[in-house]
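J.: Dropping a structure here in structure tokens format, bear with me for questions.
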Amino acid sequence: MKRFLAILLLWIPVLTAHGQGIELGGSYNIQNGSFRAPCGCTFLDGKGAGLLVGIPWNIISFMGLTVGLEPGFDFQQFHAYENPSDPPSDDELLMQLRYLTLQPYVRLQFPHSHFFVQAAPQAGYLLSNTFEHTSHPVPDPIVDVDSSMGDLESMRFSARLSAGYFFDLPGLEIAPMLTVDLPLNNIRPNATLDPFTDIGLHGSNGWRITTINASIEAFFK
């Protein structure tokens, strides 16, 4: 993992020096599966908003086809409930995940058009995570756990599919883009959740995060 981080940090000044472009955007994060937090509660059906930033670098372009590389940062967060059918009176958890990312991409721009589609496998290195557990005995919620989970996977892999449109401006190309990020591995390995004992206290069942990103890329001509 340290080798991955070192390679990414070496790439960033090279890409910045070329001044190819920047991507900024927000994400809608959807929790798949369920997990048990250190507080002992099991959470599922989480949703929330995050943000992302990247430095796309178009390495090769010909006949509408572009191959490039993009390092970046991805902040994901979501709220989940122990009993989603009754959120006001049940336990709530706010989960935050911070990833350093790297993705090679292939972009195809349609002939005689500004529309394009893009595909990219992405690898993300987990920099840090935090969770905040709030008990909801109505009417006085209590924040009783504010910490981090130490047993999460250090790497996240996903497949990203995008569609967008280029606008030409003097010295600049602007591209609003919509991306679906499909996870390829779990945040935490699956482990049995025992509802009656503390066995499998940190258990999980298919815990992944699917994201829908809306972003804008700006490429310097």
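J.: Consider Arg160 carefully, then state whether it is modelled with pLDDT of 90 or more, basic (Lys, Arg) and either touching a strand residue (DSSP E or B) at 6+ places or on another chain (Cβ under 9 Å) or not in a strand (DSSP E or B) (or both).
T.: Values: modelled with pLDDT of 90 or more: yes; basic (Lys, Arg): yes; either touching a strand residue (DSSP E or B) at 6+ places or on another chain (Cβ under 9 Å) or not in a strand (DSSP E or B) (or both): yes.
So Arg160 passes the test.
J.: Output the residue which, of all residues in the range 20-67 that are open to solvent by 30 Å² or more (accessible area, probe 1.4 Å) and among the polar types (S, T, N, Q), is nearest to the chain's Cα centre (by Cα).
T.: Top of the filtered list is Asn32.
J.: Listed residues Leu94, Leu126, Leu100; which is closer than 30 Å to Asn205 by Cβ, in contact with a helix residue (DSSP H, G or I) (Cβ under 7 Å, 6 or more places away or on another chain) and modelled with pLDDT of 80 or more?
T.: Sole residue among the options that is closer than 30 Å to Asn205 by Cβ, in contact with a helix residue (DSSP H, G or I) (Cβ under 7 Å, 6 or more places away or on another chain) and modelled with pLDDT of 80 or more: Leu100.
J.: Being at pLDDT 80 or above, hydroxyl-bearing (Ser, Thr, Tyr) and either within 23 Å of Leu97 (Cβ to Cβ) or part of a loop (DSSP other than H, G, I, E, B) (or both) is the requirement here; does Thr179 meet it? Spell out how you get there, then give the answer.
T.: Numbers: at pLDDT 80 or above: yes; hydroxyl-bearing (Ser, Thr, Tyr): yes; either within 23 Å of Leu97 (Cβ to Cβ) or part of a loop (DSSP other than H, G, I, E, B) (or both): yes.
Here the answer is yes, as Thr179 does meet what is asked.
J.: Listed residues Pro121, Pro137; which is open to solvent by 20 Å² or more (accessible area, probe 1.4 Å) and at pLDDT 95 or above? Please lay out each step first, then the result.
T.: Values: Pro137 fails: at pLDDT 95 or above.
Checking each option against the conditions leaves just Pro121.
J.: For Asn186, only one of the following conditions fails: (1) open to solvent by 60 Å² or more (accessible area, probe 1.4 Å); (2) outside any strand (DSSP E or B). What is its number?
T.: (1)
J.: Mind checking whether some residue in the range 140-157 is at pLDDT 75 or above, among the small types (Gly, Ala, Ser) and assigned to a strand (DSSP E or B)?
T.: No - not one qualifying residue is present in the range 140-157.
J.: If I ask for residues that are open to solvent by less than 40 Å² (accessible area, probe 1.4 Å) and over 30 Å from Thr130 (Cβ atoms), which ones from the range 148-171 would you list?
T.: Hits for the range 148-171 are Gly164, Phe166.
J.: Please go through (1) surrounded by 14 or more Cβ atoms within 10 Å (Cβ to Cβ); (2) farther than 30 Å from Ile59 by Cα; (3) at pLDDT 85 or above for Ala218 and return the number of the only condition it doesn't satisfy.
T.: It fails just one condition, (2).
The values are calculated or read from the model by the stated rules, or taken from the named source; none is laboratory data. These numbers come from a predicted model, not from an experiment. Here the Cβ is made from the backbone with ideal geometry for all residues, glycine too, and neighbour counts use every protein chain on show. Surface accessibility is based on the protein's heavy atoms, side chains included, excluding ligands, DNA and RNA. Shrake-Rupley method; radii C 1.70, N 1.55, O 1.52, S 1.80 Å.
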